[in-house]
Amino acid sequence: MRARHVLGAIALSALAGCSSSAPADKAAPPAPEATLASPGAVRACSDVFVPDQPVTGFDEQKGCTDKAGTVQFIGAVECADGTKLWPVDAATGAPAGFGREGTAYRVVTGEVAADKTYKAAYEECVGDDDAGASPAPSAAK
């Protein structure tokens, strides 16, 4: 019987500790959704991946925005020389194609991974060590 009283007292004190003197309307506001970029904070994908222009200064951690202002994260293939290769889908707002850091962006017709010039750029990027590897990019981290 004594054990029940002790357990009851513990439960009662635990419940009493859960109450708060703060009014209910002072609750923390919900976190904002981060689907749209702040103006000027992130470059448009169409400004990063410009046909026949070198790809420079792209940070896949920040991404780039599509036409609606939604941030797009584009996975990169890490090249053997430390540069990155980005296959880019047209849904990003940039023309479908690929670009390697410091080299001209190339537009492709159809799916990027199936394009012969992308496959050649991928093989050059990864070198002979990964000749059998898939040309799919790693996800942005």
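All of the numbers you see were taken from the coordinates with simple rules; none came from a lab. This is a predicted model, so every value here is computed, not measured. Glycine also receives a Cβ, built like all others from the backbone with ideal geometry; neighbour counts cover every protein chain displayed.
Determine the sum of side-chain charges near residue 121: Lys and Arg each +1, Asp and Glu each -1, restricted to other residues whose C-beta is under 12 angstrom from that of residue 121.
Every neighbour counted, the sum reads +1.
Quick check on region 59-124: take the gyration tensor over C-alpha atoms, sort the square-rooted eigenvalues as a ≥ b ≥ c, and tell me if it's rounded (a/c under 1.5), prolate or oblate.
oblate
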